[in-house]
1. Test residue A:206 against the criterion of being modelled with pLDDT of 90 or more, more than 16 Å from residue A:271 (Cβ to Cβ) and among the β-branched types (Val, Ile, Thr), and give yes or no.
2. How many residues does the range B:222-260 contain that are outside any helix (DSSP H, G or I) and either under 19 Å from the mean Cα position of the chain (by Cα) or exposed (fewer than 14 other Cβ atoms within 10 Å of the Cβ) (or both)?
3. Just give me the residues in the range B:311-339 being polar (S, T, N, Q) and facing chain A (nearest Cβ under 9 Å), in sequence order.
4. Select from the range B:435-473 the residues that are in a loop (DSSP other than H, G, I, E, B), within 32 Å of the chain's Cα centre (by Cα) and over 22 Å from residue A:141 (Cβ atoms) and list them in ascending order.
5. Condition test on residue B:406, is it outside any helix (DSSP H, G or I) and free of Cβ contacts under 8 Å to residues at least 40 places away in the same chain?
6. Out of the residues in the range B:69-94 meeting the condition of being in a strand (DSSP E or B) and surrounded by 20 or more Cβ atoms within 10 Å (Cβ to Cβ), tell me which one is nearest to the other protein chains (Cβ to nearest Cβ).
7. Determine whether residue A:350 is surrounded by fewer than 24 Cβ atoms within 10 Å (Cβ to Cβ), within 28 Å of residue B:105 (Cα to Cα), modelled with pLDDT of 90 or more and more than 8 Å from chain B (Cβ to nearest Cβ).
8. Looking at the structure I just gave you, is residue B:364 outside the structural domain of residue B:152 (by the TED database) and crowded, with 21+ Cβ neighbours inside 10 Å?
Amino acid sequence: MVFTYLGYGIGTLFGYLRDFLRNSGIEKCNAAVEREEQKDFVPLYQNFENFYTRNLYMRIRDNWNRPICSAPGAVFDVMERVTDDYNWTFRFTGRVIKDVINMGSYNFLGLAAKYDESMSTVKEVLETYGLGVGSTRQEMGTLDKHKELEDLVAKFLNVEDAMVFGMGFATNSMNIPALVGKGCLILSDELNHASLVLGARLSGATIRIFKHNNMQSLEKLLRDAVIYGQPRTRRAWRKILILVEGIYSMEGSIVCLPDIVALKKKYKAYLYIDEAHSIGSVGPTGRGVVEFFGMDPRDIDVFMGTFTKSFGAAGGYIAGRKDLVDYLRTYSHSAAYATSMSPPVAEQIIRVMKLIMGLDGTTKGLQKIQQLAKNTRYFRQRLSKMGFIVYGNEESPVVPLLLYMPAKVAAFARHLLKRKIGVVVVGFPATPLAEARARFCVSAAHTREMLDTVLEALDEMGDLLDVKYSRNRKSARPELYDEMSFELED
Amino acid sequence: MATAAEQWVLVEMVQALYEAPAYHLILEGILILWIIRLLFSKTYKLQERSDLTLKEKEELIEEWQPEPLVPPVSKDHPALNYNIVSGPPSHNIVVNGKECINFASFNFLGLLDNPRLKAAALASLKKYGVGTCGPRGFYGTFDVHLDLEDRLAKFMKTEEAIIYSYGFATIASAIPAYSKRGDIVFVDKAACFAIQKGLQASRSDIKLFNHNDMDDLERLLKEQEIEDQKNPRKARVTRRFIIVEGLYMNTGTVCPLPELVKLKYKYKARIFLEESLSFGVLGEHGRGVTEHFGINIDDIDLISANMENSLASIGGFCCGRSFVIDHQRLSGQGYCFSASLPPLLAAAAIEALNIMEENPGIFAVLKEKCKRIHKALQGIPGLKVVGESISPALHLQLEETTGCRERDVKLLQEIVNQCMDRGIALTQARYLEKEEKYLPPPSIRVVVTVEQTEEELEKAASTISEVAQTVLL
């Protein structure tokens, strides 16, 4: 931990030095600059805002935004790019690094793949319907495909009705303001996604944050809210909405759903659950966290999810009781102002959902889900045995591996790419400053050999970079359990 | 020695006590008594902590009844019953089971069912599948995206372009990336909802000026200048933006860009231009309102447009100089935290750009048709045309309102339904009545596309005219 801060400290010092050199003209400045005619305008960016970007991020920038040129399946092709001037600009050499094992894309069920015969319905819909829609849902943009999709989603989730939207991010940011407004209270988890935070802010309701997955913190907030009411006027709150996610993307933890539902019933709050990562990937038949915990879908007020991750398409949905969905059809910002989903994308979702539900007559969907569960368990067990610190629930296919230091983050990603494994590393600001991590997404399309290759490479990298921080190695003996290497349990 | 010193001090003190004036002693005595009282009195507690017992708290929790999560919506709310389109929303459209000519989808260049676009999308589908399974930062950047950004930048003659996966999110993410709390934004009152949401997310100071009224804008800018002179240090760090649309969706008018550019340099504000309706429509080569007025594109700091209208795809883009656009790659929320555009849609957009570059004649044809229908719709009794003659998206509003918005909406819906029975697909312009700041009056949206023939335009005009006569008189 100390070394992490030391690393950042040195980086910052160097940053100041380089800035000074750049400003006084000694070092060449490679960044884009303002136009000559607009030099006396108020500067568009504060110097301080970009400090982190210019000095720390630029050095390790080649680990992100890596372009690929094939489908994001279990293996993919990464375009090779080199930089001549320390990451300020990139140049494509034209070569392609083929068959890189993909541990970064959200391809949980392995459905993002090159075209094969099962996608023939998508091809037909593309040829009949075209691509664009050119109108909003309330005007002329509702196609019969959307209706079909919505009915199927409702059946899949075992709820009364559903509504689909063209973009997952926009689903949150445009529907939360329609559900709550001024005078309402939103209780949101610490680590909620940017779309939930944006939606909550745009709604105008009061927001209070409870500690991640911590039921005592949530209960305390609920009690205070119901007993004392709004802050100064003491009037009762109009509604209380709890915003949680099924699986948190940076932690890999699964929400404690039974506890939250018990709390919600006791204090009469409403629950909004964002299943972006958990739909299709957890639960015995892939129906999400509700099935994972064996709960009744009628207990959750608003189901929200996206189709980008397990379904290999794009878009989002909101499902629940019929009066909720009717209200959203009328008052959602997206229904009135934003274009509807593209038809071939809708068809892809229909096809995949039928596959998962078994409606196409085979058990391929079920097999994929079981394969994913097996892969997840295997991968996580091996990693913790090797001695890495891994966060998250045992069953969650999102596996964050802690690296802590920014320099190791860069070295990790680069070395692994040389061995033809593509991983995702995240640092500040998506994670807390001192907890940079690498995040793996296990997929049903990964074979045992691929996982073994990856695990071997990780083993070597771990020894090389000394990132095996976990105090309990090999088989965990209970007396060696140490607070340093905990896993966030559900 | 110590005791002697102590005694000596004590003697001094007692002497001082005798010598001090009386009022001084009395004051000090009172103060000392007051301090003793404060020390020993009970500390002031806030009322409720000591008032509510556990039992009372439980009772409060039992009693509290929240509002229902959603209020009930009546079954015949106009926005609840959607028009269902079976089949592609192209020129000949089947709405609610009736075959009509499409005057409602924003398909300006008729590219929605163009076979070349479909072929390009199919090739992309075969290679990449459908989804991208990740945001741009994490292996979601495909070579198709980089291609499309390159092509858009070249087409608009700017340095760089950035793609978003949804049209609404484009401008709603671009504005908060630059304009933060404390900055000042001058916006037109008729700005579309996406701009309003972007402004709300940015928490900046918003100053609205009357629609297309440059004098009003100048007045606001002058007032701001006077404010600045009072507080120059703050003024040096407050950014100023002017946000306008090229072709306004709510009123069908074009913004007066040359005057805006003059104001920009005079008052040192940056211009963000939203060209969703004017991209691919105005200008000799379809480059939008800057080409239409012959303005140097570098004078505009950011141009944002969505690809859902002329390019017949899904998504949006922003273009401008690298200095401005590159910032969004790390701070545009809809870019960093959302999955990237499916490659088949990007490939279709590239093909649409190809078509636009190959025959620049379609823009003149579109302009002709717009002028024609604008003329043909004049003089319909009871309805007035709102929008300029070069705008492909017009509004037909009631000349005299009944006074109540609901009844207006019902009347217009009656006109729309009867037109659909006769084979002309129209729609009302939908707004969220409670959310809009300046709610436009109810209207029927008429959209002109390149594919409509002259007979169809004539037929549409005469149908609307007949129906309006029957319904309104």
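The values are calculated or read from the model by the stated rules, or taken from the named source; none is laboratory data. Computed from a predicted model, the values in this text were never measured in an experiment. Virtual Cβ from ideal backbone geometry, glycine too; neighbours counted across all protein chains shown.
1. On the way: modelled with pLDDT of 90 or more: yes; more than 16 Å from residue A:271 (Cβ to Cβ): yes; among the β-branched types (Val, Ile, Thr): yes.
Yes.
2. Going through the range B:222-260 one residue at a time, the tally reaches 17.
3. B:313, B:322, B:331, B:333, B:338, listed by residue number.
4. If we filter the range B:435-473 for residues that are in a loop (DSSP other than H, G, I, E, B), which is where we start, we get B:435-442, B:448-453, B:473.
Now narrow it down to the ones that are within 32 Å of the chain's Cα centre (by Cα): B:435-442, B:448-452.
Passing the criteria: B:437, B:438, B:441.
5. Taking the combined requirement at face value, the residue does not satisfy it.
6. B:85
7. Working: surrounded by fewer than 24 Cβ atoms within 10 Å (Cβ to Cβ): yes; within 28 Å of residue B:105 (Cα to Cα): yes; modelled with pLDDT of 90 or more: yes; more than 8 Å from chain B (Cβ to nearest Cβ): yes.
Judged against the criteria, residue A:350 is a match.
8. No: the conditions fail for residue B:364.
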